[in-house]
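Trainee: Dumping the structure here so I can ask a few things about it.
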Amino acid sequence: MKQGESTEPRKPPAAEEPEVNNEGDESIEHVPLFRRRRIVIPVFLVLIVAIAAGWYWYVNLRDFVSTDDAYVDADRVAISSKVLGRITQLAVDEGDSVRQGELLVKLDDADYLAQKDQAIASLRFAEESVSLAKVNLARATDDFHRAEQQFKTAIITREQYDHASNALDAARAEYSIALSRVGTARAQEGIIETQLANCVITSPVNGTVAKRWALPGDVVQAGQPIFSVYDLKNIWVTANLEETSLNPIRLDQEVAIAVDSYPDREWHGKVFQMGTYTAGQFSLIPPNNASGNFTKVTQRVPIKISVLDPAGSGIPALLPGMSVEVKIKVK
């Protein structure tokens, strides 16, 4: 032992104590992962979201095909005129209920009334012409019979006999022409009567006036819409489903219908008609996939869904054009 060295045994180096911050807490490096809130809370939230999403998929999506590309539809009739005319009266307005045969529109019929008077006068003239032609025919017939007897007894010449025969033929032709004029005059009168009837427009169906397209005083062309009438007692839902979702769809499958206007209510229906075309075929510019620069786009096929809730049961009215969401049970 060297001089000056201590005789006390050396102590082993003490283990390093964990670092302590100013507040007395342990350092983050020495805290286990399951005790770190910044990691545990996000992981816990992610697990909750995943479980909730899985449960929602299992309950609401697993056995269903759904879409929000759907709307309420109904039979629509465009009320239009068959003749050119000026509107003198509109008997109904938007929102009014109409019954089949009820007056909707009156057009100005002054011109047709004048033409009717003219047609009546022409008919009377034609009828008088028939009377005159009938008298001429009777006289020509008598003259021919006398000429025939006289020709047989050589009282008159062959020329006089031929003149009498020709006069009879002319009288018969004039009588036929007079009868034809009567038929033409009656037909003309019937046409004017039809045109007058066309000036009074009635409803062809029971329904509700949805839109008015003209006002009194407007001149409407033949075929120009004046009213749009919907039959609100016969409504359905048209849903445009992607073509990739059509395979499990069958007729009479149950459908849950949610209408955007009534978020707290749910309707029920059944699939009653499958589409026979894609919606793109009736667009303004139908897709043409024959070109070399082709981009595949998923098409949509419309299907029709009946609304089973009976009318008059206190449920809100469904109006054509309302946006809806449908969920079809396929399993």
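Trainee: What do you reckon, is residue 301 surrounded by 15 or more Cβ atoms within 10 Å (Cβ to Cβ) and farther than 30 Å from residue 203 by Cβ?
Mentor: Numbers: surrounded by 15 or more Cβ atoms within 10 Å (Cβ to Cβ): yes; farther than 30 Å from residue 203 by Cβ: yes.
Yes, satisfied.
Trainee: Listed residues 80, 97, 122, 129; which is surrounded by 15 or more Cβ atoms within 10 Å (Cβ to Cβ) and within 39 Å of the chain's Cα centre (by Cα)? Don't jump to the end; show me each part of the working.
Mentor: Details: 97 fails: surrounded by 15 or more Cβ atoms within 10 Å (Cβ to Cβ); 122 fails: within 39 Å of the chain's Cα centre (by Cα); 129 fails: within 39 Å of the chain's Cα centre (by Cα).
It is 80.
Trainee: Return yes when residue 205 is among the β-branched types (Val, Ile, Thr) and under 38 Å from the mean Cα position of the chain (by Cα) and no when it is not.
Mentor: yes
Trainee: Taking residue 180 as meeting all but one of (1) more than 30 Å from residue 320 (Cβ to Cβ); (2) of a type in the set (S, T, N, Q); (3) in contact (Cβ under 8 Å) with a residue 12 or more places away in the chain, write down the number of the exception.
Mentor: With respect to (1) more than 30 Å from residue 320 (Cβ to Cβ); (2) of a type in the set (S, T, N, Q); (3) in contact (Cβ under 8 Å) with a residue 12 or more places away in the chain, residue 180 is out only on (3).
Trainee: Could you grab me the full set of residues in the stretch 113-147 that are modelled with pLDDT of 85 or more and of a type in the set (Asp, Glu)?
Mentor: 117, 127, 128, 142
Trainee: Quick one: would you say residue 103 is closer than 14 Å to residue 227 by Cα, more than 21 Å from the chain's Cα centre (by Cα) and surrounded by fewer than 19 Cβ atoms within 10 Å (Cβ to Cβ)?
Mentor: Taking the combined requirement at face value, the residue satisfies it.
Trainee: Checking the structure you have, find out if any residue of the stretch 90-107 is at positive phi and either at pLDDT 90 or above or not assigned by TED's automatic domain parsing to the domain that holds residue 300 (or both).
Mentor: Among the residues of the stretch 90-107, at least one is at positive phi and either at pLDDT 90 or above or not assigned by TED's automatic domain parsing to the domain that holds residue 300 (or both), which makes the answer yes.
Trainee: For the stretch 132-167, how many residues are in a helix (DSSP H, G or I) and either outside the structural domain of residue 179 (by TED's automatic domain parsing) or not polar (S, T, N, Q) (or both)?
Mentor: The first filter runs over the stretch 132-167 and keeps only residues in a helix (DSSP H, G or I), leaving 132-152, 158-167.
If we keep only those that are either outside the structural domain of residue 179 (by TED's automatic domain parsing) or not polar (S, T, N, Q) (or both) too, we end up with 132-135, 137-140, 142-148, 151-152, 158-159, 161-164, 167.
So the count comes out to 24.
Trainee: I've got another one for you. Could you say which residue among 236, 267 is over 20 Å from the mean Cα position of the chain (by Cα) and under 21 Å from residue 75 (Cα atoms)?
Mentor: None of the others qualify; the one that does is 267.
Trainee: Which condition number does residue 219 fail, the rest of (1) modelled with pLDDT of 90 or more; (2) hydrophobic (A, V, I, L, M, F, W, C); (3) closer than 30 Å to residue 272 by Cα being met?
Mentor: So residue 219 meets the others, but not (3).
Trainee: Follow-up. Condition (residue is at pLDDT 90 or above and under 30 Å from residue 93 (Cα atoms)) applied to the stretch 180-187: is it met by at least one residue?
Mentor: no
Trainee: Does the stretch 110-117 contain any residue that is polar (S, T, N, Q) and either closer than 30 Å to residue 328 by Cβ or free of Cβ contacts under 8 Å to residues at least 24 places away in the same chain (or both)?
Mentor: Among the residues of the stretch 110-117, not one is polar (S, T, N, Q) and either closer than 30 Å to residue 328 by Cβ or free of Cβ contacts under 8 Å to residues at least 24 places away in the same chain (or both), which makes the answer no.
Trainee: Among the strands (runs of 3 or more DSSP E) contained in the stretch 191-257, which hold 3 or more residues that are crowded, with 19+ Cβ neighbours inside 10 Å and touching a residue at least 24 places away in the same chain (Cβ under 8 Å)? Break it down into steps so the answer makes sense when it comes.
Mentor: Values: elements: 200-202, 207-212, 225-242.
Here the list reads 207-212, 225-242.
The values are calculated or read from the model by the stated rules, or taken from the named source; none is laboratory data. Values in this document were obtained by computation on a predicted structure and should not be read as measured data. Methodologically, a virtual Cβ is constructed for each residue, glycine included, from the backbone with ideal geometry; neighbour enumeration extends over all protein chains shown.
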